[in-house]
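Novice: Here it is, the structure in full.
Each value in this text was obtained by applying a stated rule to the coordinates, not by laboratory testing. Bear in mind that the values here come from a model prediction, so they are computed numbers and not experimental data. Cβ coordinates were reconstructed from backbone atoms using ideal geometry, including for glycine residues, and neighbour counts include every protein chain displayed.
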Amino acid sequence: MKILVVDDERDVEDLFRQKFRKEIRNEGLELLFAYSGKEALEILENNNPPLVASVFSDINMPGMSGLEMLGIIKNRFPQLQVSMISAYGDSENYQKAMSYGAKGFFTKPVDFESLRKEIGEILRS
Amino acid sequence: MILVNLISLFLLYYLKKSAGPQGFPENLNRYFKYGMIAAAILIALGIAKAPPEILFQLLSFVLVGGIIYLILNTPELDYQKTLAITPLPIIGVQLLEYLIKTISPAVFDILENYLDAAGFFALIWAVTMWLNHRKQMKEIEIERIISKEQERQLRNTEEQKSQLEVLVAERTSEILKQKEELQEALNDLQSTQAQLIQQEKLASLGQLTAGIAHEIKNPLNFVNNFSELSVDFLEEIGEEMAKISESPEKQNILDLLEDVKSNLVKIRHHGSRADGIVRSMLMHSRGGTGTMDPTDLNLLIREYSNLAFHGMRANPNPINVDIQLELADNLPQVKLNAEDFSRVILNLVKNAFDAMRDKINALGSDYSAKVTIRTKDLGDQILIEVEDNGPGVPDEIRDKLLMPFFTTKKGTEGTGLGLSITHDIIKSHEGKLDIESTVGEFTRFRILLPKAKP
Ligand SMILES: [Mg+2]
């Protein structure tokens, strides 16, 4: 089960790998990382239907913003679940993300327990 | 001889009448009066030919002579000098007649015709002099009228001048008043401008703060997340280490790991402190969200003052403090954003603790710290007071107290945002925050909240 995490901060990869160490080891979770919206779209484009079960993306990124990317993904792969993670937990971002078809909305600092629950559900589905 | 007395009478009468508007001195009037009486008596005596005729005739001359003497020697009658010399020839002729008649009636018979002629000339003289005198009098009168007119004009001018002066004074005071009003308006404008500049600065500061807070938030999240993870990993390492047999090396590793863990806990602790600061900076620049609901204010105060107290006791440097609640009975429910407003109570009480801690450190056991929290129903407003008997706030910093980033606390103790946020929250409740204080005695924060309209 592959999950794509998109964030311009490279340390997010280490953080997620360490946080979900058990899931990766024991439950077959595979994490892919992209450091920009463009990179994420390239990964998704290479395989149709996409290899990943779900996408978790930062909103505030240089170049293409997470919300922009969300719009494109939802256009191309309507079935793909995308959740947003943002430091700006304001209602405007939330409304936009929801109207673009995001599945979930997490604010930074990320509550890893609820994220773990969410990922657990994806793994079991 | 009647002629002489008539002259006397006429002279006196004329003199009396000639008095100007200011009149003559009292003694002069008396002379005129008695003179006229004397002349009248002498005329009567003369008509009656009462003896001794010769004495009364002499007295008549004395009287007229006295009158002429009076005219010539009284400064007030100076202008009548020609009047005095007018009847002189007549009197002279009469006196001569009298003397000759008295001394030698025979000689008088011889000289009678000459004396009559002299009398005639004396009369002509008198008439001429009289006319002359009248002319002079008229001139004097005209002069007097002219000078009077001039005086009147002068008086008028004076009056106009003083009227003008009054007018000028009035206008001057009006202009001064206007100037003061303008000055006041200018001062108002200047202070408004200063306020606007200050607000502008604060607004841009707010934006800057929000930007900085966000930028700091991401790296801070990494610090917190990684330190948390590492603590978790150390737990796991500990579990694994238990499976390894004891050795001095293992003990050394365990000791080192214990230190690393303690360091990570410190990193996590300070990271969450920084996170709290960032969070309040963000809240400050964004303003709270949430709903205003009818709230039991007394209950909220009870809960959060208690929370503040226990929070303080659990943290480093706890102090002993007496918290007195003087809460109004039957306080109506107040429309509040309870989450925001609880921060107001927390901040104010925490602030009081911090202030009193300084005083305790300075005074020691002589001082017993006390916080009093009151609520009062003021009719259309609710009053909340948080009062401490701490060191007080000097006047010069009282105004700055509510400004963002202003802090009296040393080092890492305060962000300088607590009171500023408190003020913002109260303002968002359409309330007012005042600070009353006496240095060395007390600080009282007074919050006035409008009552919800039913
Ligand atoms: Mg980002």
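Novice: Based solely on its DSSP helices, what 222 nm [θ] is calculated for chain B when runs of n ≥ 4 H residues each add -39,500 (n - 2.57) and the sum is averaged over all residues, nearest 500 deg cm²/dmol?
Specialist: Here the helix-only value at 222 nm equals -25000 deg cm²/dmol.
Novice: Still on this structure, please answer the following. Any idea what the relative contact order of chain B is, in percent, if you count C-alpha pairs under 8 Å spaced at least 6 apart?
Specialist: Rounded, it is 9 percent for chain B.
Novice: Taking N as the number of residues in chain A, what is its Cα Rg relative to 2.2 N^0.38 Å?
Specialist: 0.97
Novice: If you wrap the stretch B:2-154's Cα atoms in a convex hull and average its projection over all directions, what's the area in nm²?
Specialist: 9.9
Novice: Sorted by mean Cβ packing within 10 Å, highest first, what order do the peptides B:118-127, B:251-260 take?
Specialist: Put in order of decreasing packing, that is B:118-127, B:251-260.
Novice: Relative to 2.2 N^0.38 Å, what does the C-alpha radius of gyration of the stretch B:1-69 come to as a ratio? Two decimals please.
Specialist: Against the compact-globule rule of thumb, the ratio is 1.15.
Novice: Calculate the all-directions average of the projected area of chain B's alpha-carbon convex hull, and give it in nm².
Specialist: 50.9
Novice: What's the average, rounded to a whole number, of partner chain beta-carbon atoms within 10 Å of each residue's beta-carbon in B:214-227?
Specialist: Taking all residues of B:214-227 together, the mean is 4.
Novice: Could I ask something else about it? Take each complete run of DSSP H in chain B, measure how far its Cα atoms stretch along the helix's own axis, and keep only those covering 24 Å or more with mean Kyte-Doolittle hydropathy at least 0.5; list them.
Specialist: B:26-48, B:53-73
Novice: Something else about it: Over all distinct alpha-carbon pairs, what is the Kirkwood Rh of the stretch B:201-287 in angstrom?
Specialist: Hydrodynamic radius (Kirkwood, Cα pairs) of the stretch B:201-287 is 15.2 Å.
Novice: Suppose we keep just the DSSP beta bridges with both residues in the protein assembly as shown; what percent of those would be antiparallel, to 5?
Specialist: 50
Novice: Compute the distribution of all C-alpha to C-alpha distances in the stretch B:289-454, in bins of 5 Å from 0, and list the percent of pairs in each, rounded to whole numbers.
Specialist: 2, 9, 18, 23, 21, 15, 8, 4, 1, 0, 0
Novice: Cross-link list B:Lys201/B:Lys451; B:Lys376/B:Lys427; A:Lys96/B:Lys201; A:Lys74/A:Lys96; B:Lys335/B:Lys427; B:Lys17/B:Lys49: which exceed 22 angstrom alpha carbon to alpha carbon?
Specialist: Those over the limit are B:Lys201/B:Lys451; A:Lys96/B:Lys201; B:Lys17/B:Lys49.
Novice: Bins of 10 Å, beginning at zero and ending with the bin holding the largest distance: percent of Cα pairs per bin for the stretch B:99-251, please.
Specialist: Distribution as computed: 8, 9, 8, 8, 7, 7, 7, 6, 6, 5, 5, 4, 4, 4, 3, 3, 2, 2, 2, 0 percent.
Novice: Still on this structure, please answer the following. For the stretch A:2-124, with only Lys/Arg (+1) and Asp/Glu (-1) charged at the beta-carbon, what is the dipole magnitude about the Cα centre, in debye rounded to 20?
Specialist: 420
Novice: Also: Could you name the lysines in cross-link range of A:Lys19, using Cα to Cα under 17 Å and dropping any fewer than eight places away on the same chain?
Specialist: The reachable lysines, counting only those whose Cα sits under 17 Å from A:Lys19, are A:Lys2, A:Lys108, A:Lys117.
Novice: Output needed: percent of Cα pairs per 10 Å distance bin for the protein assembly as shown, bins running from 0 to the one holding the longest distance.
Specialist: Result returned by the calculation: 3, 11, 13, 12, 10, 7, 4, 2, 3, 4, 5, 6, 6, 5, 4, 3, 2, 1, 0, 0.
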